[in-house]
Amino acid sequence: MKNSFEFHGKNMGASIVAIFFFAIAVVVVHVYASESERPDDIYRKSLRLHQMQGIRAAFSRRVSSSMDMRSLQGAASPPPSVRAPIVYHVTSYGADPTGRNDSTEAVLKAITDALNGPGKGDLFEGIVNLGGARVDLDGGNYLISRPLLFPVSGRGNLAIQGGSITASNDFPTDGFLIDLSSSSNSAYNYEFTTLRDLYLDSNYRGGGIRVKNSLRTTIDNCYITHFSTTGILAEGGHETIIRTSYLGQHITAGADPGERSFSGTAISLAGNDNVVSDVVIFSAQTGILLSGQANLISGVHCYNKATGFSGVGIYVQLPGLAQTRIVDSYLDYTGIVAEDPVQLTVANTFFLGDAFILFKSVKGVMSGVTVVDNMFAGSDKGIEIVQMEGKFDQLDQVAIERNTVKGMAVKTTVARASVDGGGPTWTADLKAALLFPNLIKQVQYTFVTDAASYPSHFLRNVSDNKVVIQADEAVPARVYITADQGGSYL
């Protein structure tokens, strides 16, 4: 009886479809049957035809959908080789997105499952490729009481994204909210890990993110605040990229009444070949601390703590070999400090509010330093744009020039002057402009006179950063002088 009913039901459905299409055909014939009708009648009938065609299309879709559902119900399941995207939702593990209850265990379980998930081949030797697995915070705010320390190392191609994490009041003060520091038998712990779209609140207890001995880690579009130690710490490894992010110990927009008490470091790069780009650091004792070589700082805005309150925007703590580039950035009332800089470039950067560059002597070495094409703006207090602490007696290839200065005192390694006089000597005192005391490595000059006779002339002296040009007779002349302190000439 059941089979008979299904058979008749199917025939009945087919008959209804046939009758419906026949009715539509009759309507079409009727609309176009008379060619002598008035235009407005034709318009009304055309509109009616359009409406009937819409009904027919909708009915066809319903029939097709019904048939598709019947075919799917009888179809086999997808083959095992077809795998859905691997996304680990922390709420599925019991994490509380309201932030009222402790979600440490739930979030860690999601991370653990992701790290232990299926992999296909390796990235760097010993790093399992997780295929782009994602731990999704589902836009929630999660309270945690201990660091989210990755329990398994030797993994790569994983992302944690999309939510907020806040340290509880009993979070360890030496911990980090997200910690990629588990030891590994591989040369590196992790590779191609991405942390993005995260708000991390350390609750003045410890730091934000720690990345140790890892390759190609990306920290993107993160807001890290209320850290007491370090916002982001990259130790060892290579190629950590920090971009489009905001860091500050205190949430402020400048001129904070508590600025004198700001502490901590927003970003610390204790490894090589890293990049910080398009990042704003709005409160911390030190904006960026560099203790590893070959790092690039680009498009960074530091107003973390004013120099007058002992703040430092970027600290290059690499005496003897910095190999660091700071470009296209904005040092806002806070400056740059570099110890014994060797191979350091600061270019196309804006220094506001009497911010300056300070070179600190450790062993008196400065080599391969370029400070060019920057802008300095101050308050007419005579503050020098480049300053030194201690004595530098090993100098080579230092170029500090082509900087534009307003309201501050120019310091340069290439000074220029013109001197008018009747001779036989012309003296240019360049002490105020030249950076290093009693040091001139090269002089170029042009001797111009309208006198009837043209005297012989020569460079007489360069001591005490004074250039003396002498002629063998007194004539009215103008002398154009360029003195260079930093060049290395063979």
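Below is a table of values for the structure above.
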item	result
Selection status of ALA266, assigned to a strand (DSSP E or B), within 30 Å of GLY156 (Cβ to Cβ), touching a residue at least 24 places away in the same chain (Cβ under 8 Å) and touching a Ser or Thr at 6+ places or on another chain (Cβ under 6 Å)	no
Residue list for region 455-472, restricted to those being part of a strand (DSSP E or B) and touching a residue at least 12 places away in the same chain (Cβ under 8 Å)	HIS457, PHE458, LEU459, ARG460, LYS466, VAL467, VAL468, ILE469, GLN470, ALA471
Out of ALA322, ALA306, ALA294, sole residue that is of a type in the set (Gly, Ala, Ser) and either under 18 Å from the mean Cα position of the chain (by Cα) or closer than 22 Å to SER214 by Cβ (or both)	ALA294
Answer residue from region 325-344, given it is open to solvent by 50 Å² or more (accessible area, probe 1.4 Å) and out of contact with any His (no Cβ under 6 Å at 6 or more places or on another chain) and is nearest to GLY378 (Cα to Cα) among those	TYR333
Residue in region 442-454 that is in a loop (DSSP other than H, G, I, E, B) and surrounded by 15 or more Cβ atoms within 10 Å (Cβ to Cβ) present	no
Residue within region 133-142 that is under 20 Å from GLY287 (Cα atoms), modelled with pLDDT of 95 or more and crowded, with 24+ Cβ neighbours inside 10 Å present	no
In region 339-379, residue farthest from GLY308 (Cα to Cα) [restricted to those that are among the hydroxyl-bearing types (Ser, Thr, Tyr) and touching a strand residue (DSSP E or B) at 6+ places or on another chain (Cβ under 8 Å)]	SER367
Unique match (being in contact with a Ser or Thr (Cβ under 8 Å, 6 or more places away or on another chain) and either of a type in the set (A, V, I, L, M, F, W, C) or open to solvent by less than 40 Å² (accessible area, probe 1.4 Å) (or both)) among SER103, SER145	SER145
Some residue of region 426-436 being open to solvent by 70 Å² or more (accessible area, probe 1.4 Å), of a type in the set (Asp, Glu) and within 26 Å of PHE359 (Cα to Cα)	yes
Strands (runs of 3 or more DSSP E) fully within region 171-232 counting 2 or more residues that are under 17 Å from the mean Cα position of the chain (by Cα)	190-201, 207-212, 218-225
Matching residues in region 455-472 - criterion: being in contact with a strand residue (DSSP E or B) (Cβ under 8 Å, 6 or more places away or on another chain), over 23 Å from SER367 (Cβ atoms) and open to solvent by less than 80 Å² (accessible area, probe 1.4 Å)	PRO455, SER456, HIS457, LEU459, ASN461, LYS466, VAL467, VAL468, ILE469, GLN470, ALA471
Where LEU123 falls short, out of the listed (1) open to solvent by less than 40 Å² (accessible area, probe 1.4 Å); (2) in contact (Cβ under 8 Å) with a residue 60 or more places away in the chain	(1)
Some residue of region 314-324 being in a strand (DSSP E or B), open to solvent by 40 Å² or more (accessible area, probe 1.4 Å), under 27 Å from GLN397 (Cβ atoms) and at pLDDT 95 or above	no
Count of residues meeting criterion [assigned to a loop (DSSP other than H, G, I, E, B) and either of a type in the set (Ser, Thr, Tyr) or open to solvent by 40 Å² or more (accessible area, probe 1.4 Å) (or both)] in region 357-398	12
Selection from region 399-414 of residues that are open to solvent by less than 40 Å² (accessible area, probe 1.4 Å) and among the hydroxyl-bearing types (Ser, Thr, Tyr)	THR412, THR413
Which numbered condition VAL475 fails, given (1) outside any strand (DSSP E or B); (2) open to solvent by 30 Å² or more (accessible area, probe 1.4 Å); (3) in contact with a Ser or Thr (Cβ under 6 Å, 6 or more places away or on another chain); (4) not basic (Lys, Arg)	(2)
Residue in region 345-356 that is open to solvent by 30 Å² or more (accessible area, probe 1.4 Å), at pLDDT below 95 and among the aromatic types (Phe, Trp, Tyr) present	no
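This table checks each residue for (1) without any contact (Cβ under 8 Å) to a residue 12 or more places away in the chain; (2) of a type outside the set (Gly, Ala, Ser); (3) open to solvent by 10 Å² or more (accessible area, probe 1.4 Å).
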{"site": "THR193", "(1), (2), (3)": "no, yes, no"}
{"site": "GLY208", "(1), (2), (3)": "no, no, no"}
{"site": "ASN213", "(1), (2), (3)": "no, yes, yes"}
{"site": "ASN221", "(1), (2), (3)": "no, yes, yes"}
{"site": "GLU235", "(1), (2), (3)": "no, yes, yes"}
{"site": "TYR246", "(1), (2), (3)": "no, yes, yes"}
{"site": "GLY254", "(1), (2), (3)": "no, no, yes"}
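The values are calculated or read from the model by the stated rules, or taken from the named source; none is laboratory data. Just so you know, these numbers come straight off a predicted model, no measurement behind them. Cβ coordinates were reconstructed from backbone atoms using ideal geometry, including for glycine residues, and neighbour counts include every protein chain displayed. With ligands, DNA and RNA removed, areas are computed over all heavy atoms of the protein, side chains included. Shrake-Rupley method; radii C 1.70, N 1.55, O 1.52, S 1.80 Å.
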